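Engineer: Pasting a structure below so you can have a look.
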Amino acid sequence: MGSVLGDWPSYDPHNFSQLRPSDPSTPSKMTPTTYQPTHNRTLPPPDQVITTETKNILLRHIYQRAEEKLRPKRAAPEHLLPEHGCKQLRASVQDTPC
Amino acid sequence: MLQNVHASYLMLCYLGSIFYLLVFRGNIILGGGASARALMFRSNNIVARIFERQIRTPPPGTSVHCARRFYENLVPSYTIYDVECPDHLFRKFTDDGQYLICFSRNHQELIVYRPTWLSFSCTEEDCDVHDLPPKAKKFDSFFTQLYCVSLASSNELICKDFFLYMESNRFGLFATSTAQIHDAPAVGGAIQGVPSIEKITFHLLRLEDGVVLDEKVFNDDFVNLAHNMGVFLYDDLLAIVSLRYQTVHILQIRDSGNLVDVRAIGAFCREDDELFLNSNAPSMGIRDKSKQHQLTENHVENGLQQSRLSPENAFVSGIKQRLLSFIFRGIWNEETNHTLRVQYLKKKFYFHFQDYIDLIIWKVQFLDRHHLLIKFGSVDGAVSRTTDHHPAFFAVYNMETTDIVAFYQNNADELYLLFEHFCDHFHTTSKNSLYMNFISSHSNNIHTREQLRSLRNKATSSSQFVKKMLASLPINSQALSPSPYFDQSLYRFDEKLISAADRHRQSTDHPIKFILRRPPQTLRFKIKPGPEGGNIDNRTKKISSFLFHPFLPFALSIQQTLFLQPSAVNVHFRR
C-alpha cells in the first residue's frame, strides 16, 4: 500500500506499512489497522458499573478475618484447600526469600 | 534554467540527508539502551538534572519521587548561629508551609508568622565570597509577623504541645486548659483514678487573620493534650477522647468554621440510645454510673446490700456492651460442641470478666470516616508515661453500624502483620494532603523496612517485639514532618539525634550529618544546634528541637536548657 510518505528512506521498510487510509476517498488520512470482534461473548453485562471499593485494604483484611472467625467452624473440614477467592496472609512472621 | 534545477536538486539532496540523519540516528538515541542511557545521563549536577527533566518523562507513578530528588541538590547548608529572635516558644510550621505557629512564653498568646525569604541584592562580580549583610542575619528577614492573638484568659494556659491544622480551610485548632487536679472525686459518671481539669477549651482559628471561629468547652473533664494524643483529626472529623467520662466525642469542622457535634460514643452508641433506654427502663439508674461502679466493688453504700445480679449494676451499655458481646460471640463460635463451648467461655471469658469490665478507652484514631481504632487498657495505665507493663487491647469499631469488627490483644501477631504490611493505612490522611503519602514509613520505603527487619531479627522475644511495635498504635495525629530531608530514600541521618517526629531530643555538640543514600553517598549538609563555638557550659543538660519547613530548604534548630533561659535559635537555609 502506498504510504503518504512515498518511498522516502526509512530505517525499517515496514515501519509505515500498517497504516491504511481510513477512507479510500481521502488517502492522506491514515489510521492504524484495527480489528472488530465478530462475536459478543466478551461484552460486559449492560448494567455493569465499575467503582472503587470504598473500604481501604486494611479494613478489607480486618473484615475478612472477622468473617472467618465468626463463621462457626465445621467439626471435620470437608475442603482441606482454601476456598477460591479467600486470600490468606502469611501466618508466620518470617521473611520469604525474594 | 539549468542552474535552478541544479539548485533545487542540491536542496532536495540536502533535506533528504538531514531527514535521513534524523530518522536513522534518531532511532539509536530514542530506541533501545535505556539503562545505558540512564547511567550516562544520571548526573548529580543540578543543571544536568533540569535538562534531563525537560527531555525525559519519569517512569509511571514516580513523578513525585523524581521531583523530590532535587532535594539532593538544594540543601540548607548555610547556618546563621544564634539569631536574634523574639522570645517565643516555636511550635511548628504548618504542613503547607504557610505559617509558623508560636506561643508566648507565658503560654497565653498565639503568634503566627509567615515564612518569607531573604531579599537582598549583590551587584558585584563574585557574590558568594561575601558574607551576608548583618541586616539579613535577623529573624525578621525570614519571617513576617501576621498577628498576635490572646487565647487564654487569666487562669488558663495554652497547651504548647497541642496543635492541629486543617489544611483545606487553613484552620488551626488550639487548646487551653486550667490546672490539673489530681485525685479528683469520681462523680457524675467519671471514673476513679483519672485527674480532672476544670475547663478545657478547644479554639478553632482561621489562620489567615487570627479570628477565633468557634470554641468547644469541656468542663471537669480530662483530655490528654500532650502531642495531640487525645485528639485525632481526619479530614474534617475530630475525635476527642474524654478519659474521665470515657466518651469519644466526634465533631465535624464545617467550612464555615463551626464545630458541630456528630456523636458521642461511650455510654451510648447511637444518638437515640439514651432516649430509648430512659423511656423503656425508667427504674434503671444508668445515669448514676458511679453507684454502679461502687457496687461492683462490693462496697456497702447507704445500707444497700444488693447482689451482683441486681439490675443497677448488671446493665452494661454502650461500647462496653458491644465489646463484651463481641468477645462472647467470638469464643462461642470457636467450638460447636456445647460442653466445650461452655468450658471455653468459663476459662476465657468469665474468668477475665472483671478485667474486661474494668477496661477503659485510652486512645483513639480514625481508620476511615466510619471506623475507629480504639485502644483499651486499665485505669492505671491511662495517664502514666510507660504503658509497657499494663495490658492493652485494640478494637476496630464501626461507627455507622455500631459494631466492633475486630478485637486484639497488644501482642497479637495478626495485628502486627497488618501493621507491618499496611502501615500507611494507619497513618490515615485526608484526600487533600498528598505530601503525607511520601513520609517514609516501612510500608513505602525500603530503607525503613530494612531497619524494621533488622530490629525484628535482633529482638530476643517475638511477643515483646510485637508489643513494642504495637505500642505506637493508635498513632498521634500530624506528628511527623513532611520535609523531604527526612525522606529515607534521599538521606541517611542519625535517628536518635533528629527525625521527622517533632519531639525534643538530647542535644550534642557535634553537628548532625545528612548523608546521601544514592551514590556518591557523600555528606550533603550538617545541622548544628546551639552556638557556633559549641557550648561553654557542658554540664547542664540541653535539649534541642528542630522545625523543618515542609518544602523549602529551611530549618530552625532551637536549643534550650532546662532552666527557662532563652533558647538559642539557629537558622539553616540554602544561601
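The values are calculated or read from the model by the stated rules, or taken from the named source; none is laboratory data. Quick caveat: nothing in here was measured; it's all calculated off a predicted structure. Here the Cβ is made from the backbone with ideal geometry for all residues, glycine too, and neighbour counts use every protein chain on show. Accessible surface areas use protein heavy atoms only, side chains included; no ligands, DNA or RNA. Shrake-Rupley method; radii C 1.70, N 1.55, O 1.52, S 1.80 Å.
Engineer: Could you work out, residue by residue across B:188-194, how many beta carbons of other chains sit within 10 Å of that residue's beta carbon, and then give the average as an integer?
Structural biologist: What the average comes to for B:188-194 is 0.
Engineer: Tell me the trypsin sites (Lys or Arg not before Pro) within the range B:40-111 that lie in a loop according to DSSP and have at most 14 other beta-carbon atoms within 10 Å.
Structural biologist: For trypsin sites (Lys or Arg not before Pro) across the range B:40-111 that sit outside H, G, I, E and B with at most 14 neighbouring Cβ atoms in 10 Å, the list reads B:ARG42, B:ARG56, B:ARG105.
Engineer: Chains B and A: what accessible area do they bury, summed, in square angstrom to the nearest 100, with a 1.4 Å probe?
Structural biologist: 2500 Å²
Engineer: By its C-alpha gyration tensor, with a ≥ b ≥ c as the square roots of the eigenvalues, how is the range B:358-479 shaped: rounded for a/c under 1.5, else prolate for a/b larger than b/c, else oblate?
Structural biologist: Verdict is oblate for the range B:358-479.
Engineer: Sorted by accessible area (1.4 Å probe), largest first, how do A:THR42, B:THR401 line up?
Structural biologist: A:THR42, B:THR401
Engineer: For a quick check of understanding: with a 1.4 angstrom probe and all protein chains in place, what accessible area in square angstrom does B:TRP362 have, to the nearest ten?
Structural biologist: 30 Å²
Engineer: Under the Karplus relation 6.51 cos²θ - 1.76 cosθ + 1.60, θ = phi - 60°, what is the ordered set of whole-Hz ³J(HN,Hα) values for the range B:414-424, x standing for Gly and Pro?
Structural biologist: With the stated coefficients, the range B:414-424 comes to 4, 5, 5, 4, 4, 5, 5, 6, 10, 4, 4 Hz.
Engineer: Follow-up. Rounded if a/c is under 1.5, else prolate if a/b beats b/c, else oblate: with a ≥ b ≥ c from the C-alpha gyration tensor eigenvalues square-rooted, which is the range B:342-413?
Structural biologist: oblate
Engineer: Count, for each residue of A:54-65, the Cβ atoms from other chains sitting within 10 Å of its Cβ, then give me the mean as a whole number.
Structural biologist: Other-chain Cβ atoms within 10 Å of each residue's Cβ, averaged: 6.
Engineer: Summarise the long-distance tail of P(r) for the range B:459-575 by giving the % of C-alpha pairs beyond 25 Å.
Structural biologist: 34 percent
Engineer: I'd like the accessible area for B:PHE276, computed on protein heavy atoms only with a 1.4 Å probe and all protein chains in place. Round to 10 Å², please.
Structural biologist: 130 Å²
Engineer: Still on this structure, please answer the following. With a 1.4 Å probe and all protein chains in place, put A:ASP12, B:ASP368 in order of accessible area, largest first.
Structural biologist: A:ASP12, B:ASP368
Engineer: Under a 1.4 Å probe, what is the accessible area of the range B:473-546 per residue, stated in Å²?
Structural biologist: It amounts to 48 Å² per residue over the range B:473-546.
Engineer: Follow-up. For B:GLY257, what charge total do you get from the other residues with a beta carbon under 14 Å from its beta carbon, if Lys and Arg give +1 and Asp and Glu give -1?
Structural biologist: That works out to -2.
Engineer: Hey, can you grab everything whose amide H is under 5 Å from the amide H of B:TYR491? Only 5+ residues off in sequence or another chain; H modelled, so Pro and N-termini drop out.
Structural biologist: Those qualifying (amide H under 5 Å, at least 5 residues apart or on another chain) are B:ARG517.
Engineer: What percentage of the solvent-accessible surface of the range B:145-234, computed with a 1.4 Å probe over protein heavy atoms, is contributed by carbon and sulfur atoms?
Structural biologist: 47 percent
Engineer: To the nearest 10 square angstrom, how much accessible area does B:VAL223 have with a 1.4 angstrom probe?
Structural biologist: It works out to around 0 Å².
Engineer: Oh, and also: For the range B:149-208, what class follows from the C-alpha gyration tensor (a ≥ b ≥ c being the square roots of its eigenvalues): rounded when a/c is under 1.5, otherwise prolate if a/b is larger than b/c, else oblate?
Structural biologist: Verdict is prolate for the range B:149-208.
Engineer: A follow-up question, please. In the range B:358-479, how many lysine pairs have Cα atoms under 24 Å apart, counting only pairs 8 or more places apart or on different chains?
Structural biologist: 8
Engineer: Under a 1.4 angstrom probe, counting protein chains only, how are B:TYR234, B:TYR245 ranked by accessible area, largest first?
Structural biologist: B:TYR245, B:TYR234
Engineer: State log₁₀ I(q)/I(0) for the range B:81-195 at q = 0.10, 0.16, 0.20 Å⁻¹ as given by the Debye formula over alpha-carbon point scatterers of equal weight, solvent excluded.
Structural biologist: -0.48, -0.88, -1.09
Engineer: Let me ask you something else. When the Karplus curve 6.51 cos²θ - 1.76 cosθ + 1.60 is applied with θ = phi - 60°, which whole-Hz ³J(HN,Hα) does each residue of the range B:188-197 get, with x for Gly and Pro?
Structural biologist: Going residue by residue, I get x, x, 7, 9, 6, x, 9, x, 10, 10 Hz, with x marking Gly and Pro.
Engineer: Please work out how many pairs of lysine residues in the range B:75-221 are eight or more positions apart (or on different chains) and have Cα atoms closer than 20 angstrom.
Structural biologist: Total qualifying Lys-Lys pairs in the range B:75-221 comes to 5.
Engineer: So what's the gap between the Cα centers of the range B:139-201 and the range B:515-575, to the nearest angstrom?
Structural biologist: 28 Å
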